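Accompanying notes for the structure given below.
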Amino acid sequence: MKRPLLLTALLAAALVPSSAAPPKSGSAASSAASAFKLLLHAQEPRIEGGKVLKSEVLKSWPLSAKGVQFSKQAGKFSGLLTAGLDAAAKQIDAHTPRPATFRSVGGHWIATQHNGWTLDREATKVSILKAIAAGQHSAEAIVKVTAPQRSVQLLSERGVLAHVSTGSSSYKGSPPFRVTNVLVGATKLDNFFIAPGHTFDFAKEVGDISASTGFVKGYVISGGTLEKEDGGGICQVSTTIFRAMYQAGLPIVERHEHSHRVEYYDPVGFEATVYAPVKNLRMKNDTAAYLFVQASWDKQAQTLRFDLFGAAPQRTVSISKPSVTDFKPPAQPSYTPDQRVQAGGRRLLDVPVQGMTSTLVRTIKTPTGKATTDTLKSVYKPWGAVYGVRPGDSRLK
């Protein structure tokens with residue numbers, strides 16, 4: 001427990017030896033002791049260990065000693081105090097609202113928010129004058145507090161108090177277009193709620209995938225080869241959030257694998273492709289609380305991550321390593337237009353991959369020890385090398 005400032009000062013004074021000489025009038029010690037300060041006492045809420053707690057905030061700004069003296073003599077606010085008040089207002093008003101967000105601190109998840117502060121100058125002047133008249137050495141700043149729209153209180157009211165699960169993937173080696181689409185897609189799924197009983201719909205949450213919404217053209221699997229469309233690489237996003245939801249034990253409503261194995265999505269079969277309006281990813285929140293989704297990424301390591309937060313998990317989920325069987329040889333090469341290639345040449349865009357079948361088993365255990373399992377099966381067709389050739393090349397069909 002923190003001691004009140006006044007009590008701390010009294011205790012410190014009591015510890016001064018009786019033989020110590022009192023400070024001379026006008027000395028640095030005397031000035032420091034009598035310096036007048038404007039104080040701000042505030043509280044910032046947080047979620048930690050499944051509970052809502054409050055952090056105490058104390059800030060102070062010195063005010064002109066001459067201004068204090070003149071104000072006391074004249075009984076009104078001296079202009080000499082304006083500079084100190086301006087300095088306080090600049091810092092206080094810069095404290096803008098920031099939505100509640102979870103961060104891992106020392107291995108523990110903590111949700112914090114920043115309230116917005118606005119100094120009420122006229123009310124603070126009155127507070128200063130009252131404190132000066134009463135012979136006090138500090139006055140309270142009068143501040144209007146504005147909570148962010150997504151506050152710690154809102155998270156708490158919706159039962160979002162704990163970390164539930166994580167899904168991660170690597171997009172290392174992706175070409176620039178793919179990196180752009182991965183990050184644009186992840187941004188659209190950052191910081192949103194899934195109500196209890198509600199089915200998460202990837203297509204609806206991400207919305208229109210086009211140049212008008214920030215996506216760029218990139219290669220997608222189409223017609224047995226690769227073609228350029230807006231949003232190429234978006235499946236990195238659907239795969240990663242699928243992993244987080246699958247690890248949370250959420251039931252699958254709709255999920256599809258790619259037509260052939262793609263190394264970006266290894267472990268084999270632990271993925272989810274999307275291609276509106278034909279293929280979508282949908283998962284149901286079967287928990288009793290809201291789920292809150294946060295996205296994060298590391299541009300240098302080229303990794304993507306989704307974290308789910310909600311009520312403290314009441315079930316444990318384990319996912320087996322993939323069992324891969326039924327291998328088939330790669331298919332014949334295919335060709336796609338590529339302006340970068342000279343006439344008669346070719347450019348390798350994708351490598352051949354065997355056909356195969358992958359199976360993963362998820363086991364969900366309740367607190368009573370009851371266990372249920374489900375199987376995630378992915379059947380991949382053989383895939384041939386894909387080459388880019390000059391538009392109009394005879395190898396194009």
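Things to note:
- Taking region 367-391 as the range and being surrounded by 12 or more Cβ atoms within 10 Å (Cβ to Cβ), hydroxyl-bearing (Ser, Thr, Tyr) and within 37 Å of the chain's Cα centre (by Cα) as the test, the residues that pass are 378, 380.
One line per residue, one yes/no per condition, for (1) farther than 30 Å from residue 49 by Cα; (2) surrounded by fewer than 17 Cβ atoms within 10 Å (Cβ to Cβ):
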| position | (1), (2) |
| --- | --- |
| 139 | yes, no |
| 157 | no, yes |
| 162 | no, no |
| 184 | yes, no |
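- Count of residues meeting criterion [modelled with pLDDT of 95 or more, surrounded by 11 or more Cβ atoms within 10 Å (Cβ to Cβ) and part of a strand (DSSP E or B)] in region 299-347: 17
- The condition (being surrounded by fewer than 20 Cβ atoms within 10 Å (Cβ to Cβ), touching a residue at least 12 places away in the same chain (Cβ under 8 Å) and of a type in the set (Phe, Trp, Tyr)) is satisfied by just one residue among 264, 290: 264.
- Exactly one residue out of 368, 357 is of a type in the set (S, T, N, Q), out of contact with any helix residue (DSSP H, G or I) (no Cβ under 7 Å at 6 or more places or on another chain), within 30 Å of residue 248 (Cβ to Cβ) and assigned to a strand (DSSP E or B), and it is 357.
- Among the conditions (1) touching a helix residue (DSSP H, G or I) at 6+ places or on another chain (Cβ under 6 Å); (2) crowded, with 20+ Cβ neighbours inside 10 Å, the only one that residue 276 does not satisfy is (2).
- Where strands (runs of 3 or more DSSP E) fall wholly inside region 132-218, the ranges with 1 or more residues that are over 30 Å from residue 287 (Cβ atoms) and not β-branched (Val, Ile, Thr) are 138-140, 143-146.
- Test result for residue 143, aliphatic (A, V, I, L, M), under 15 Å from residue 39 (Cβ atoms) and touching a residue at least 60 places away in the same chain (Cβ under 8 Å): yes
- Residues in region 44-73 that are among the charged types (D, E, K, R), in a strand (DSSP E or B) and within 23 Å of residue 140 (Cβ to Cβ): 44, 54, 56, 59.
- The single residue among 298, 326, 286 that is at positive phi and of a type in the set (Asp, Glu) turns out to be 326.
- Qualifying residue in region 96-104 (condition: hydroxyl-bearing (Ser, Thr, Tyr), more than 21 Å from residue 157 (Cα to Cα) and out of contact with any Lys or Arg (no Cβ under 6 Å at 6 or more places or on another chain)): yes
The values are calculated or read from the model by the stated rules, or taken from the named source; none is laboratory data. This structure is a prediction, so every number in the text was calculated from the model and none was measured. Methodologically, a virtual Cβ is constructed for each residue, glycine included, from the backbone with ideal geometry; neighbour enumeration extends over all protein chains shown.
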